[in-house]
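Chemist: The structure's right below; bear with me while I get my questions together.
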Amino acid sequence: MLTNDTETASDLYNRILFLLQKLPQYNPDDFNFKIFPGEPPDLKLYYNGGCYYVENGVFYSCNFDHGNMNKKSKTDLEAAIYSVLFDLTQEYACKYEIKHRIKYVDSRRQWMEKWQELFDIIGMPYNNKFNKFLSEIFRKYPYDDANTCKLELFKEYEEIAALLKKTVHYKNIELQKIIDKMLSAYRDEHGGIPDFDNSFNEMRKSINAIESFLKNVRNSNKVNIILQLIYHTESIAEKYIK
């Protein structure tokens, strides 16, 4: 077991801080954390982030998920250090991915690559343990660009339908039916998309039908803009979806 709560909490903090300072362009605001000697009086004060403390020779990490507190304990110093590094670097990598997001590809590519990069800089033995964790994740859940691409395209199909309904007016009942269905038939009351694969395939067929219709109408700037949007979505679909 860990000993002397106050000294152990301070030692943990200093060792983790030393490892984080190895990262290039280290900014303490990116890795803001505290380790308390003893459980803080109100853990809910740390609802928006992790809380770490040492009590009776045991290290605890706490976080909140949908309002419920999850608490994990460690009695090994290295395991405690890894636990904090894992949390802090994960949060940093997720924020990095959001800031540098690449559309149409599995978002995990960005943040897991950054996450691994951080652990590689921190070095042994923590990167070895992290790489084993990452290998297991990829074994169970490999990258899936196709489904990410489909979700992005689904939103763009909806945007095209909304733009077409708003800016291009044709007295074509069949076209109006296609547009209305695209905008109302596939999302549930919560904004979700039940039976996503079939919904996506139907949306793509609708886009192709709209494309065929627009090619046969009088040329205009509005029509050309929408056709270019359709061509873009289809080029993306051909690239990422088999």
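Each value in this text was obtained by applying a stated rule to the coordinates, not by laboratory testing. Note that the coordinates shown come from a computational prediction; the quantities given were computed from them, not determined experimentally. Neighbour counts run over all protein chains shown; Cβ positions are idealised from the backbone, glycine included.
Chemist: DSSP loop trypsin sites (Lys or Arg not before Pro) in segment 134-198 with at most 10 other Cβ atoms within 10 Å of their Cβ, which ones?
Modeler: Within segment 134-198, the qualifying trypsin sites (Lys or Arg not before Pro) (loop, at most 10 other Cβ atoms within 10 Å) are Lys171.
Chemist: Specify the angular offset, from 0 to 90 degrees and rounded to the nearest 10, of the alpha carbon long axis of helix 126-140 from the longest principal axis of the alpha carbons in the chain.
Modeler: Computed tilt is about 30 degrees.
Chemist: Need the full-extension length gain, Arg187 to Ser10, defined as separation in residues times 0.36 nm minus the C-alpha distance. One decimal, nm.
Modeler: Net length gain for the segment: 58.6 nm.
Chemist: Turning to a different aspect of this structure: Name the residue farthest towards the positive end of the dipole of the chain from the options Val84, Ile122, Gln25, assuming +1 on Cβ of Lys and Arg, -1 on Cβ of Asp and Glu, about the Cα centre.
Modeler: Result: Gln25.
Chemist: Something else now. Using only Cα atoms, tell me the angle between helix 145-167 and the longest principal axis of the chain; keep it within 0 to 90° and round to the nearest 10.
Modeler: 50 degrees
Chemist: Between segment 181-242 and segment 82-143, what is the C-alpha centre distance in whole Å?
Modeler: Between the Cα centres of segment 181-242 and segment 82-143 lies a distance of 34 Å.
Chemist: Another question, if that's okay. Quick one: Debye curve from the C-alpha atoms of the chain, no solvent, what's log10 I(q)/I(0) at q = 0.08, 0.09, 0.12 Å⁻¹?
Modeler: -0.50, -0.59, -0.81
Chemist: Could you give the C-alpha radius of gyration of segment 145-240 expressed as a fraction of 2.2 N^0.38 Å, taking N as the number of residues it contains?
Modeler: Expressed relative to 2.2 N^0.38 Å, the Cα Rg reads 1.05.
Chemist: Another one. What is the extension gain from Lys72 to Ser212, computed as 0.36 nm multiplied by their sequence separation minus the C-alpha to C-alpha distance, in nm to one decimal?
Modeler: 44.6 nm
Chemist: Between Val58 and Asp197, with labels modelled 7 Å along Cα→Cβ, what's the label distance in nm to one decimal, could you check?
Modeler: So the label points at Val58 and Asp197 sit 4.5 nm apart.
Chemist: Can I ask one more? Evaluate the charge dipole of the chain about its Cα centre and quote only its size in Debye, nearest 20, assuming +1 on the Cβ of each Lys and Arg and -1 on the Cβ of each Asp and Glu.
Modeler: Computed charge dipole of the chain: roughly 1140 debye.
Chemist: Applying 1/(1 + (r/R0)^6) with R0 = 41 Å to the Cβ-Cβ distance of Ala79 and Glu158, what FRET efficiency is obtained, to the nearest 0.05?
Modeler: Calculated value: 0.30.
Chemist: At 0.36 nm per residue, minus the direct Cα-Cα distance, what do Asn224 and Tyr143 gain on full extension? Give it in nm, one decimal, please.
Modeler: Separation in residues times 0.36 nm, less the Cα-Cα distance, equals 25.6 nm.
Chemist: Also, I was wondering about something else. Please report Leu19, Leu85 as a ranked list, fewest other C-beta atoms within 10 angstrom at the top and most at the bottom.
Modeler: With the sparsest Cβ surroundings first, the list reads Leu19, Leu85.
Chemist: Once you place label points 7 Å from the Cα toward the Cβ at Lys132 and Arg101, how far apart are they in nm?
Modeler: Distance between the two pseudo-spin positions: 3.5 nm.
Chemist: Taking the Cβ of each residue in Leu214, Leu229 as the centre, tally the other Cβ atoms inside 10 Å and list the residues starting with the fewest.
Modeler: Fewest to most other Cβ atoms nearby, the residues stand as Leu229, Leu214.
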